[in-house]
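A.B. asks: Have a look at the structure that comes next, please.
No value in this document is a laboratory result; all are computed from the given coordinates. Bear in mind the structure is a predicted one, so any value in this text is a computation, not a measurement. Neighbour counts run over all protein chains shown; Cβ positions are idealised from the backbone, glycine included.
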Amino acid sequence: MKPEITVVVSQGPSHDPTKRSREHEIADRLSGRGDLEVLVVPHLNDLRPDGDSLGALRQRTGHLIVFSWLYPRAAHWILDRHRISGQRGTTRLHLDTDGEPSDETSSDPQQEPVERVIDTRTVPTRAIYCIDLRACTSADAVLQEVEHILTETGMRASRSSMAASEGNGSRPWRSIADDIQRRWYPVIDFGRCTNCMECIDFCLFGVYGIDESDTILVEQPDNCRKGCPACSRVCPENAIIFPQHKSPAIAGASSSIDGLKVDLSQLFGKPEPDQHSRQVAQQERDQQLAASANQSSDSSSIAPPSQDAPGRDTSDDTSDGMNDDLDKLINALDQFDL
Ligand code: SF4
Ligand code: SF4
């Protein structure tokens, strides 16, 4: 029988020996005890939905403790998009640039409560604790945090049974090797998303879609233009994460990105109180449009449909239709004289 808590150590995308050493030290220190199973997988952001790593994680229905070189919010919602869902656990190990997840959707008590997509879903009761490896400055701190989680979840084995199992090699960590390559795509934080559809209106590359219950989803993640984070700036709820972006706020840190948020109504011709934000988003979008135009004779400029979108039948989607939509959007943008 599998332990009810699985520790996942997600390796960084590079082969940095310092990072590898930290990953292996954590896996070593947590393995060989009866109350935990330890899996080492490639970088969460780059995993393919049909790969062995995500397949193994989907089979684990107990609590998860996930270490990765990502902000916890990004790691949580990457897992969620791959149907590995649960309640978001709070940990005490986090970076100074990050914050407590409990504040994410706090709102003005004078205003009507806003319904988030998460409120419309049934989320499994198991907990998922995502921990940023950059915040794990020592293996001892990691062990203490895991002990704390075990206590919090009521899964702490008795001292005697732990002592009996520690170091006996009966449950060494397991490494899962997947065939992966670097990926760039947005992830939606459904704890914040209000399903307003501004992102699907803004994106020119068919990345977003809607599922059978008319909820926004990232339908074609690999259509996203590498390095383009523009839609994260137009999302009114800061719900769009680019896990690999260099800016903490866009990569999933819990702090807001108010300084670069754009109101689409301003972008499309209304008064312009935030000229800087508008310029940033326009510049990012125009760069991608120019790059796309340069590649227009090459049909590979828009990636083929991905199998990465859960809950959506894409059998009617065609690249012709996508190109038609793209033409219409570009024409519409021209009319705004942006
Ligand atoms: S713009 Fe943001 S809040 Fe609106 S649907 Fe997209 S992700 Fe959700
Ligand atoms: S970053 Fe650009 S290409 Fe990618 S989803 Fe957002 S708007 Fe679309």
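A.B. asks: Measure of size requested: the Rg and Dmax of region 185-232, with Cα atoms as the atom set and Å as the unit; please supply both.
C.D. replies: 10.1, 30
A.B. asks: Sort 180-192, 139-151, 211-223 by the packing proxy (mean of other Cβ within 10 Å over each peptide's residues), most packed first.
C.D. replies: By packing density, highest mean first, the sequence is 180-192, 211-223, 139-151.
A.B. asks: Continuing with this model, one more query. Compute the separation of the alpha-carbon centres of region 27-49 and region 111-149 and state it in Å as a whole number.
C.D. replies: With region 27-49 and region 111-149 each reduced to a Cα centre, they are spaced 17 Å.
A.B. asks: Skipping prolines and chain starts, which residues have an amide H placed within reach, meaning under 5 Å, of the one on Val66, given they are 5 or more residues away or on another chain?
C.D. replies: Val8, Tyr129, Cys130, Ile131
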